[in-house]
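The values are calculated or read from the model by the stated rules, or taken from the named source; none is laboratory data. Remember, it's a predicted structure, so these values are computed and weren't measured experimentally. Glycine also receives a Cβ, built like all others from the backbone with ideal geometry; neighbour counts cover every protein chain displayed. Each accessible area value is taken on the protein alone, full model and side chains, heavy atoms only, with ligands, DNA and RNA left out. Shrake-Rupley method; radii C 1.70, N 1.55, O 1.52, S 1.80 Å.
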Amino acid sequence: MWIMDSDGANPRKVVSSGEEKKYGSYESWIYPVAWSPTGQHLAYIENHAVYAPIPAQPTHLLRIVSANGQGATVVLDDPRIGEALWWGSDGRILVPYREDPASGQDNYGVYAIKVDERTGKAAGPPQPITQAESRIAGMSGTADGKRLVILRSNEVAQVFIARRDAASHQWKEPRRLTLDDNVNIADTWTADSKAVLFVSNRNGTWKLFKQNIDETTPEVLAEGRSIATPRLTPDGSQVL
């Protein structure tokens, strides 16, 4: 993270991510950043990508640091923290916070954390402000701290099927195979090309599904946390 004068001069680095390595992480980045009401400190979320397949997600640290780069402090180390941030005039830091960590669905509420700017420590656990479905991609508040604007994102991966014209080598108009509004990640076909294997977090738990291309309802093959990347055995009789 760098800051500079308002005319673009005098750029200087404030802090770098990854100075404290987290177990299982292989890269880290800073996003987003918010000034404190006094202008003396900056709050930021440090994200750590982990060695795990989709749907595993990065872990997050909420940190504050002085504008000169001194005294970087971890306010909250919690994988439930989202990727938006606002520091209100009353001293509270507002962040997206995942409602149910045991669920495979990404539903985030807005939670407030009271921070002592002198010590960089939280005065208590996150407190709920508002709750709803979907992720939170951004937030900002009015100068008096009485109103908050939230950008919610509900983009979910879906499974589509398309035919390929052998003569023209062009793809035909795709049609949707999965008809629900949860994340559906297609990975492979069955050996006879009559069904698709995909993983989905419908009903709050990740499951491995098999769905015939001429049907609308899938069959559950397996259930558990962080199911991903199904592959058929060479004879097509089993799924890894």
The range 122-224: which GluC sites (Glu not before Pro) are DSSP loop and have at most 14 other beta-carbon atoms within 10 angstrom?
GLU133, GLU155, GLU215
Average accessible area per residue (Å²) across the range 64-190 - probe 1.4 Å, nucleic acids and ligands excluded
57 Å²
So for the range 195-240, using the alpha carbon gyration tensor with a ≥ b ≥ c as root eigenvalues (a/c under 1.5 gives rounded; past that, a/b versus b/c decides prolate or oblate), I'd call it oblate
Which of the following values of P(r) over Cα pairs in 5 Å bins from 0, in percent was calculated from the structure shown: [x] 1, 6, 11, 14, 14, 13, 10, 9, 7, 6, 5, 3, 1, 0, 0; [y] 1, 6, 13, 17, 18, 18, 15, 9, 3, 1, 0, 0; [z] 1, 5, 9, 10, 13, 13, 13, 14, 11, 6, 3, 1, 0?
[x]
Give the cross-link partners of LYS210 among the aspartates and glutamates, using a straight C-alpha distance below 14 Å as the criterion and excluding same-chain residues fewer than 8 apart.
ASP187, ASP192, GLU219, GLU223
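Quick check on the range 53-154: take the gyration tensor over C-alpha atoms, sort the square-rooted eigenvalues as a ≥ b ≥ c, and tell me if it's rounded (a/c under 1.5), prolate or oblate.
oblate
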Farthest positive-ward along the range 130-240 dipole, Cα basis, beta-carbon charges - from PRO234, GLY141, ASN182:
GLY141
If packing is taken as the average count of other Cβ atoms within 10 Å, what order do 78-86, 203-211, 168-176 fall into, highest mean first?
78-86, 203-211, 168-176
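Which of the peptides 138-150, 184-196, 5-17 is most tightly packed, and how do the rest follow, judged by the mean count of other Cβ atoms within 10 Å per residue?
Ranked by mean Cβ neighbours within 10 Å, highest first: 184-196, 138-150, 5-17.
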On the accessible surface of the chain, probed at 1.4 Å with all protein chains in place, carbon and sulfur together account for a percent value of 50 percent
